[in-house]
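Working notes for the structure below.
Please treat every number below as a calculation from the coordinates, not as lab data. Remember, predicted model here, so these are calculated numbers, not experimental data. Note: ideal-geometry Cβ built from the backbone for every residue, glycine included; neighbour counts use all protein chains shown.
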Amino acid sequence: MSSRLFSFNGTILVPPTGIAHVNGEEWTLQRKLVVPELSKLKLVPTLYSWVNPTIKNNLLPILYNASKQNISVDLQNLMIRFGTENIFGFALGKKLRTLTTELPEDPLALAIDTTVQSFFKRLFYPNFMLKFMRFFSIGCERSLMKNHQILNNYITEALEERNRRKDETSDDDLLWTLMKKVQVNGHILPNSAIMSTILDILLAGHDSVATSASWFFWLVMNNPRVEKKIVNEILTVLKKTRGKDSVGSKVTDSIELPREEEIQEWMEESLSYEEINSLVYIHATLLETLRLYPSFPRMVRYAIFDDILPDGTYVPAGTDVILSLYSVGRMKSVWGEDCLEFKPERWLTADETRIERPEDGYMYAAFSGGSRTCIGKYLAFLEMKSVASAILLRYKLSPVPGHQVLPKLFFTLSMKNGLKVNLKRRDLAAIL
């Protein structure tokens, strides 16, 4: 717990009007407005219209060139670029083109990254120092104001441009979706709330999926048993949805093994929404990854009133309560004696056909909990499952010898030295 002298929540640059920051009645109204628009039925087509082309046209060619030339890649860097491309496309309908073989920088992507870094630096200064730096436009406050303005200007321009052609546009990104939405009480969602919500999603989504996917790949490549089950599951699903009754195919462990050329045909297109939804084991593996390496390793809550925690700890009003999700995911008292073991099966029913979640929703708070559960949780899993299945189906990953993977202290639990891997074309017959 900490006093308000070093409060991140008390140092917001602009009046927060987006769903991530408002409270009370205003939060209730915005949640009723925004959450339905992020439902799987409404925005899944929008997400897939960005994720699948980005995988096929941008990510896979980079990996193919690397494997062909026998050179390593920083998979975390690629995942960050992949996530940034998708979040800008999903939220604003903009393609940044940072995920190419040249790996160029983009001013908007750079502004997002620098803004998040500046927010993080604020945690180490008392409020009076931040006000001083803001007044004289120095230090992290100068950087924050500059890059926040870049993002704010772009979102404002996008909003104004959509308003000018609102009768003719057929865009289905989140910005246009929110602009068309009417609140329950009949009032249009204010532009300030739309802009703040879009900015919240850009800031939260540009690297959260990337860090989770990076830890997923690192854990899987170091656990061959899990890797084999994932690839086996993907092939089983593809055989059901894309396979043919081929004469002369083999049977291995009750799984019919198609010809290699047929498997290559299956991989010409990315997995569909229905196919991704059928991947139960890979979903369990992602849940297990986030238990051990949550995207946001700490959660901060502010006590409005005096309170007493279940263990008797007194929490006075005005206190920030900091919960370490990284620690909770590794506690024997919560997860048992095997809490440090990477075990996706803990999330599955006995027959491994369905996900079985803990009865206590707060036992696993990687996406927060209760009414404050992350509104993009479902879409994040779809994105992670899509990229994970696309890569693991085609390549066997291995860490570059001598490369050290260490957690980095930041808002998100990224890797300090990146994730440098070698790629080898997958021998599907061998793993089956």
Practice prompt. Beta carbons within 10 angstrom, averaged per residue: use that to sort the peptides 340-348, 266-274, 191-199, 308-316, highest first.
Written response: 191-199, 340-348, 266-274, 308-316
Discussion item. Checking the a/c ratio against 1.5 first, then a/b against b/c, what shape does the Cα gyration tensor give for region 44-118?
Written reply: oblate
Worksheet item: So what is the relative contact order for region 322-432, in percent, with contacts set as C-alpha pairs under 8 Å and at least six apart?
Response: 15 percent
Response to the item:
In nm, the gap between the two label points placed 7 Å beyond Cα toward Cβ at Asn152 and Tyr314 is 4.2 nm
Worksheet item: Under unit Cβ charges (Lys, Arg +1; Asp, Glu -1), what dipole magnitude, rounded to 20 debye, does region 356-418 have relative to its Cα centre?
Response: 300 debye
Fill in: Efficiency of FRET from Cβ geometry, Met129 and Met363, R₀ 45 Å, rounded to 0.05
0.75
Practice prompt. Based on the mean of other Cβ atoms within 10 Å per residue, sort peptides 290-301, 384-395, 115-126 so the most packed one is first.
Written response: 384-395, 290-301, 115-126
Practice prompt. Using the charge dipole of region 307-413 (Lys, Arg: +1 at Cβ; Asp, Glu: -1 at Cβ; taken about the Cα centre), state which of Ser386, Ser368, Thr353 has its Cα farthest towards the positive end.
Written response: Ser386
Fill in: Within region 81-145, GluC sites (Glu not before Pro) in DSSP loop having at most 15 other beta-carbon neighbours inside 10 Å
Glu102, Glu105
Fill in: Residues whose placed amide H lies under 5 Å from that of Tyr395, excluding near-sequence neighbours
Arg426
Item to complete: Return the distance in nm (one decimal) between the two label points of a simple spin-label model at Gln117 and Glu161, each offset 7 Å from Cα along Cα→Cβ.
Response: 2.7 nm
Response to the item:
Most exposed first, judged by fewest Cβ atoms within 10 angstrom, Asp113, Asp360, Asp207 run Asp360, Asp113, Asp207
